[in-house]
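Shown next, in structure tokens, is the structure this report addresses.
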Amino acid sequence: MLSVQSQTSLSGQRPTRREILRIGALGTTGLCLPDLLRAEQARGVAGHKAVIMIYMVGAPPHQDMYDLKMDAPSEIRGEFQPIPTNVPGIDICEHMPRLARVMDKCVPLRSVYGSPNGAHDSFICYTGNTVQNQPAGGWPSLGSVVSRIQGPANAAVPPFVGLAPDAGHPPYGSPGLPGFLGVGHAAFRPSGPARADMVLQGIQQDRLTDRRILRTALDRLRRDLDADGTIDGIDSIQRQAIDILTSSRLAAAFDLSQEPAHVRASYGKGHTEKYGDGAPRNCEHFLLARRLVEAGARVVTLNFGRWDFHSQNFSEAKNTHLPYFDQGLAALIEDLATRGLSDDVAVIAWGEFGRTPKINKNAGRDHWPQVGGGLIAGGGFRTGQVIGATDRLGAEVAERPIHFGEVHATLHRFLGIPPQATLNDLTGRPQYLLGAHRPLPELA
């Protein structure tokens, strides 16, 4: 049977995962792969704008990745050395050699700020806003906004897909919440066994259509009693589930065996198990994200690792995270360019804040909301440059502060959404999604 999992936050509280819909009976035969998907993959053309957002769970050390401080005292600069990239004047960490080779396609962001208190939460990465002073229902994530405003690019593929398994710390496992937009615009989370349920098995399409007609008729009887739009949200999920079941497009996107061996090898496998209370370091999720946007997804989020290195920062980064992150992200960026998708797909990788300049007694770095970093690529942006700078210690913004909301405004513009767009919250009041934040002019 099919299980569609969603997360919602209608009251600003952390939601629980729940099963929204179960449809169908299992048999033994599935649908054939659609020729259209094969043709689009062969052309390497997505046909729509899309965003892949990598949430680096727990906040990575910005000064040990893209902003090394070699002139700082030893208790601040750490043990990593910089290496040159293929862009003269841009150096990054020695443990990211693959990203160094594609830096002409990237933009390191060295002065990201906006986290109010250094608390672990993916919320600011996904929304560009903080959890404080939210409107009724809560701020929606980028994927939910795109789902609401633009809808699906293909009826058989959800516009917003979250590759985020549940985590011990719930915000680490969030794909981004729909907030006041409701469950109908939550992330589709095809984790675990649900992947095998994305094709019809032993049930004809006309029977499934009959079920849809009956279910719609029954829901009309209840709609007058629905005060907050929950039934409408569930209806949209049901329609989406039926569209998925009557096409093998989404199931085909998850079938990595269709990829040439050399492409799969370039991404690597990484680790599928979760790291502590965080996320897997699954390099195949980068490849899966590319296949999903090609199939029709508009926003794909993936959660990677657990970068909260309060102890053994350097051994943890060098041995357990950077090699996999470097391989997966660099392969994605290069693959998008090879397939002619660099103008159609924007990629952003970041965490919720930075790390302390001073190394603590456990060889770790602690929370530092004053400034952090990130990496953006694709989107037809002006790449091969650095935006922003920190002071000699990597402690404060020295040049061009970049708020999370400005990056989101840039992604909105790229997707064709006006930066000053408004949507109504649960009280019917229009809300500016990103306040006064404007797109980064440096990327235009």
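What to note about this one:
- The set of residues from region 254-281 being touching a residue at least 40 places away in the same chain (Cβ under 8 Å) and closer than 19 Å to R98 by Cα comprises V263, S266, Y267, G268, G270, H271, R281.
- One residue stands out in region 85-114 among those that are of a type outside the set (V, I, T) and under 18 Å from the mean Cα position of the chain (by Cα): the one that is surrounded by the fewest Cβ atoms within 10 Å (Cβ to Cβ), namely P108.
- So A398, is it closer than 30 Å to E79 by Cα and touching a Ser or Thr at 6+ places or on another chain (Cβ under 7 Å): yes
- Helices (runs of 4 or more DSSP H) (entirely within region 67-162) containing at least 1 residues that are in contact with a His (Cβ under 6 Å, 6 or more places away or on another chain) and at pLDDT 95 or above: 142-150
- Pairs are defined by a Cβ separation below 7 Å, a sequence spacing of at least 6 or placement on different chains, a first member in region 168-192 that is at positive phi, and a second member that is among the hydrophobic types (A, V, I, L, M, F, W, C) and outside any loop (DSSP other than H, G, I, E, B); the pairs so defined are G176/L142.
- Qualifying residue in region 382-393 (condition: within 30 Å of H48 (Cβ to Cβ) and of a type in the set (A, V, I, L, M, F, W, C)): yes
- All positions within region 362-384 that are over 13 Å from D67 (Cα atoms), of a type outside the set (F, W, Y) and part of a loop (DSSP other than H, G, I, E, B): N362, A363, G364, R365, D366, P369, Q370, G379, G380, R382, T383, G384
- Condition check for A363: among the aliphatic types (A, V, I, L, M), crowded, with 16+ Cβ neighbours inside 10 Å and out of contact with any strand residue (DSSP E or B) (no Cβ under 7 Å at 6 or more places or on another chain): yes
The values are calculated or read from the model by the stated rules, or taken from the named source; none is laboratory data. Keep in mind the model is a prediction, meaning the values are calculated, not measured. Neighbour counts are summed over all protein chains in view; Cβ atoms, including those assigned to glycine, are modelled from backbone coordinates with ideal geometry.
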